[in-house]
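Take a look at the structure set out below.
What follows draws every value from the coordinates through simple rules; no lab data is involved. Please read these numbers as outputs of a predicted model, since none were measured by experiment. Positions of Cβ are generated from backbone atoms using ideal geometry, with glycine treated the same way; all protein chains shown enter the neighbour counts.
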Amino acid sequence: MEWNWQVVHDVLPQMLQGLVITIEATFIGALLAYVLGLALAILRMSKSRVISLSIYWTSEFIRRTPLLVQLYFLFYVLPDLGVFLSPLAAGILGLGLHFSTYTSEVFRAGIENVPQGQWEASKSLNYSRYQTMRYVILPQAIPPMIPPLANYLITMFKETPLLSAITVVELFNAANIYSNSHYKYLEPMTLVGVFFLIVSVPSAYFAMWLEKKYQRRSSRMP
Amino acid sequence: MDQVLEYSPILIQGTITTIELTVASAIVALIISFVVGLSRFSRFAAVRIAAIIYLEFFRGTSAIVQMFFMFYVLPLLGVHLSPLLAGIIACGFNLGSYGSEVVRGAVQSVPRAQHEAAVALNYTTYQKYRYVLLPQAIPVMIPTFGNLLIELLKLTAVASLITISDLTFMAQIIRVQTALTLEPFLIIMVIYFIIASCLVGIVDFIAKKINKGRNITVRKGI
């Protein structure tokens, strides 16, 4: 099996187009995961046991079932229920929904790590629940959350090839389509791997650097 | 619903395949976790670097890409794997990279004095790890290994894309043959949830048992 540069030359433009879709899916999916995750975290801390328990078990259900099956579910079942989404939209929704159950844990831990005294102080200042969250709790809770949230961004990037299963032509699928039509697997598949390594290894080190940075800051606090 | 019940034999078969795949790859992943994780402490730089390359390679590329690489590219290079074996190796190697970080972190979390005590007692490296470090590190690893086991179960769904007839694959068969969408995917999600919940239960049980045993030995020591 010889490495053929001509194949690389042929497949690269299609893969770059796929990369754009991959990046789009990663960032919009992550945004969705962060917003939904925060909402889930806040609802989970609700005083009503019915709400907090139902949020808990819904999250556990989503977290204990495969993303691939959830994607199939969104892709095949929603149209039957009258909701028509493009494959990419279904994929982004699936990614965001799946990872919101992970990010919600990050948000919850971050919020719970804010000392009890801060809650009491806001109460004594007669802050509303919204004001307490907006001006006291979240500004202190968010910095330590940044490294784990960055890690989930990288994880989501690596999960995007699953979107190929619901016909989204992202990086991996672009290569796969080329492979299947030309029966050349070595170069496209290797390139996909290289692309992923190029993006995710430096990002992982960046996330590690963030972790150190925020650790130092928090340890300086009394 | 009745229509889906007719397909219950293949769903059962799919469940068995999924469990087999999970257990087999968990064993592979566990072995790799310890080998690669402990290699990070080797006194030979070459071994340490090899472990880091392994880790970054399998953690940095997507599991689905690794699976397709093993399934489509390795045969071209003369390595022929059955789909099931390719699935087990891909899942095991992928999760093994995450597991190795758990092993490394847990061993590093053992207080430094314990290392020094082992050296002071003239323990060999083997004795140091076998009698001092690992017995203290393993209980730390268990909860994270439990989370990884769930990730592994979910990863096996991806193996359906390389023609392994696991639960997800069977759901696709039912969808194609009956044109039903909601029922097959909902049923397999519930099955995945049940399997995952059993795994959570087993890991919790092991964690409790190990911690209990530890308390007894501590009391004996006093």
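Cβ neighbours within 10 Å, averaged per peptide: list B:143-152, B:65-74 in order, most packed at the top.
Listed from highest to lowest mean packing, they are B:65-74, B:143-152.
Against the longest principal axis of chain A, how steep is helix A:49-63, in degrees 0 to 90 to the nearest 10, with axes from Cα atoms?
For A:49-63 against chain A, the angle is about 20 degrees.
Let me have the relative contact order for chain A, percent, based on Cα pairs under 8 Å that are six or more residues apart.
In percent, rounded to a whole number, it is 30.
Measure off 7 Å from each Cα along the Cα-to-Cβ vector at B:Q108 and A:Q131, then give the distance between these two points in nanometres to one decimal.
Each label point lies 7 Å from its Cα, and together they span 4.4 nm.
May I ask which residue of A:A165, A:P139, A:Y102 lies farthest towards the positive end of the charge dipole of region A:97-222, with charges of +1 (Lys, Arg) and -1 (Asp, Glu) on Cβ and the Cα centre as origin?
Checking the options against the dipole of region A:97-222, the answer is A:P139.
For chain A, what is the charge dipole size about the Cα centre, in debye to the nearest 20, if Lys and Arg each add +1 at the Cβ and Asp and Glu each add -1 at the Cβ?
Magnitude of the dipole: close to 1220 debye.
Label chain B by shape, choosing from rounded, prolate and oblate, from the square roots a ≥ b ≥ c of the eigenvalues of the Cα gyration tensor; if a/c is under 1.5 it is rounded, and otherwise prolate applies when a/b is larger than b/c, oblate when it is not.
It comes out oblate by the Cα gyration axes.
Rounded, prolate or oblate: which fits region A:61-138, taking a ≥ b ≥ c as square roots of the Cα gyration tensor eigenvalues, rounded meaning a/c under 1.5, else prolate when a/b beats b/c?
Taking the square roots of the gyration eigenvalues as a ≥ b ≥ c, region A:61-138 is prolate.
May I ask for the angle, rounded to the nearest 10°, between helix A:138-159 and the longest principal axis of chain A, with both axes built from Cα atoms and the value confined to 0 to 90°?
It is inclined by approximately 20 degrees.
Expressed as an acute angle from 0 to 90° and rounded to the nearest 10, what is the orientation of the C-alpha long axis of helix A:87-112 relative to the principal long axis of chain A?
Long axis of A:87-112 versus the principal axis of chain A: about 30 degrees.
Using a 10 Å cut-off around each Cβ of peptide B:63-76, what is the average number of partner chain Cβ atoms that fall inside?
Mean inter-chain Cβ contacts per residue within 10 Å come to 6.
Which of rounded, prolate, oblate describes chain A, given a ≥ b ≥ c as roots of the alpha-carbon gyration tensor eigenvalues and a/c under 1.5 marking rounded, otherwise prolate only if a/b is larger than b/c?
Oblate, since a/c reaches 1.5 and b/c is not below a/b.
Starting with the fewest neighbours, write out A:F172, B:F93 ranked by other beta-carbon atoms found within 10 Å of each beta-carbon.
Result, fewest neighbours first: B:F93, A:F172.
Which whole DSSP H helices in chain B pass both tests: a Cα extent of 15 Å or more along the axis and a mean Kyte-Doolittle value no lower than -0.5?
B:8-39, B:45-60, B:83-109, B:134-156, B:167-178, B:182-221
For chain A, modelled as a Gaussian network with Cα springs under 10 Å, which listed residue fluctuates most, A:N113, A:N176, A:N151?
Ranking A:N113, A:N176, A:N151 by mean-square fluctuation puts A:N113 first.
Going by C-beta contacts inside 10 Å, put B:D2, B:D166, A:D80 in order with the fewest on the left.
Ranking B:D2, B:D166, A:D80 by Cβ neighbours within 10 Å, fewest first, gives B:D2, A:D80, B:D166.
Using a 10 Å cut-off around each Cβ, can you sort B:K212, A:K213 from fewest to most neighbouring Cβ atoms?
Ranking B:K212, A:K213 by Cβ neighbours within 10 Å, fewest first, gives B:K212, A:K213.
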